[in-house]
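The values are calculated or read from the model by the stated rules, or taken from the named source; none is laboratory data. Because the structure is predicted, anything quoted here is derived from the model rather than measured. Cβ placement follows ideal geometry from the backbone for every residue including glycine, while neighbour counts extend to all protein chains displayed.
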Amino acid sequence: MSIRILQLHKRASYEYKYIQDKYALSSDNKTFALADGTTQSFNSELWAKIITTEFVKSPNFEPLNLISQFKGCVQAYKDEMISFSTNPAKASLERAKQSKGGTATFIGLQINKENSVDVISCGDTNLFLLNSENKIKTFPFSDINSLDANNHFINTEVLLQNHIDKTFFKHTSIKCNQNDTIILATDALSRLILKKPDNITELLNIQSFEHFHDFCIKKWEGKELEEDDISAIIIPIDDSESIKLFCPPNNFQFPKEKEEEFIPASLTKGKLKQNSTMEMNEIRSQFNGVAKDMYHVKSKLNLHGILLMVTISLLIVNMLMMYLLRPKTNNSISEKPIIENVIKSEKPIQEKSIFRIIKDKLFGSSTQNEKKVEEKEKKQ
């Protein structure tokens, strides 16, 4: 039985060249990889292609080693020549995406001797193993809820910041038997199989692109299958090395919707031009991004202003404390203010009025005056 690769791009992409799912394989060392580039990131299909090719060239199932290996691929992604849209609004949005890097899910496997299979994955791309008894084993997700709860992806910028660790990856070894079949599927197709496992039989019976195209259209129209890029690698556990690729031919494309160029409304004309829904969404996203950036800038400026005011206040308080606590020179008792002498008097201030005390200090008390008169009379 041949190895089969099934791919169809979502209708919104129009042409197969824009598919963001990428795969790589080597029938010689029985190594396979499948990655799903995320729509929200920039040039994700390139990043998906780079990591799948790198894995097949040098398969690695130790998470930390694989992280280091993928980190070494980031420069190749950054060196790729990029052509931005001629539409200013779209180009601005693309540049904003570029600064956040490329993102993709990943799953890779290698079939070893005695049909032991090593698997490592990051994200919501899934593996299904169908045995001869039509029983299905899954990895890493066994139900839709756990698949949808995934929040781990491989992003170029996050890799460079060393924020991806071994917890992002799941690794296992699976024992297979002759005539078992492995299916690697991206998230939309994985959800379909997890929701209705019988779909796996229909998928295994596909023998042409037309058949696969009809399968996807029927599931899309019936709202059973999420409208996304659809990819699967069907790997029989046997000695077959032949490969069949079921993907759109060169002249295939989905019908395009009417596109209108975005042109700002003239100030001299009251007539507004209608923009496509896609353009308006992109413009709205752009303005939201600018508003978010301005909010962060404003928050930082407010913080700087507060820190400056606190610094100035502390400086003023420090100067006042230095002035109030400055050392004072020691003057003679005669130079001290009268009030200070009064306060330090031996007799309690409560016994005399303040004016009496001041008078006694200046002119002497009446008792002292009487004593002086008596002493004078005795001398005479």
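Summary table below
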item: Every pair of residues 6+ apart whose Cβ atoms lie under 8 Å, when the first sits in region 161-181 and is over 16 Å from Phe70 (Cα atoms) while the second is loosely packed, with under 12 Cβ neighbours inside 10 Å and modelled with pLDDT under 95; result: Asn177/Ser132; Asn179/Ser132; Asp180/Ser132
item: Check on Tyr14, within 30 Å of Asp239 (Cβ to Cβ) and either touching a residue at least 12 places away in the same chain (Cβ under 8 Å) or out of contact with any strand residue (DSSP E or B) (no Cβ under 7 Å at 6 or more places or on another chain) (or both); result: no
item: Residue in region 9-21 that is of a type outside the set (Gly, Ala, Ser) and under 26 Å from Asn115 (Cα atoms) present; result: no
item: Only listed residue being modelled with pLDDT under 95, surrounded by 20 or more Cβ atoms within 10 Å (Cβ to Cβ) and either farther than 18 Å from Ile50 by Cα or not hydrophobic (A, V, I, L, M, F, W, C) (or both), chosen from Gly101, Gly108; result: Gly101
item: Qualifying residue in region 74-84 (condition: assigned by TED's automatic domain parsing to the domain that holds Thr201 and surrounded by 18 or more Cβ atoms within 10 Å (Cβ to Cβ)); result: yes
item: Selected residue (only one of Ala35, Ala96 is out of contact with any strand residue (DSSP E or B) (no Cβ under 7 Å at 6 or more places or on another chain) and touching a residue at least 60 places away in the same chain (Cβ under 8 Å)); result: Ala96
item: Among residues of region 220-241, those that are in a helix (DSSP H, G or I) and closer than 13 Å to Leu8 by Cα, counted; result: 1
item: Pair list, Cβ < 8 Å and 6+ apart or interchain, from region 113-125 residues that are touching a residue at least 40 places away in the same chain (Cβ under 8 Å) to residues that are among the charged types (D, E, K, R) and part of a loop (DSSP other than H, G, I, E, B); result: Asn115/Asp180
item: Matching residues, region 58-86, being farther than 15 Å from Glu157 by Cα and within 21 Å of the chain's Cα centre (by Cα); result: Pro63, Leu64, Leu66
item: Failed item, numbered, when Leu324 is tested on (1) touching a Leu at 6+ places or on another chain (Cβ under 6 Å); (2) modelled with pLDDT of 70 or more; (3) surrounded by fewer than 12 Cβ atoms within 10 Å (Cβ to Cβ); result: (1)
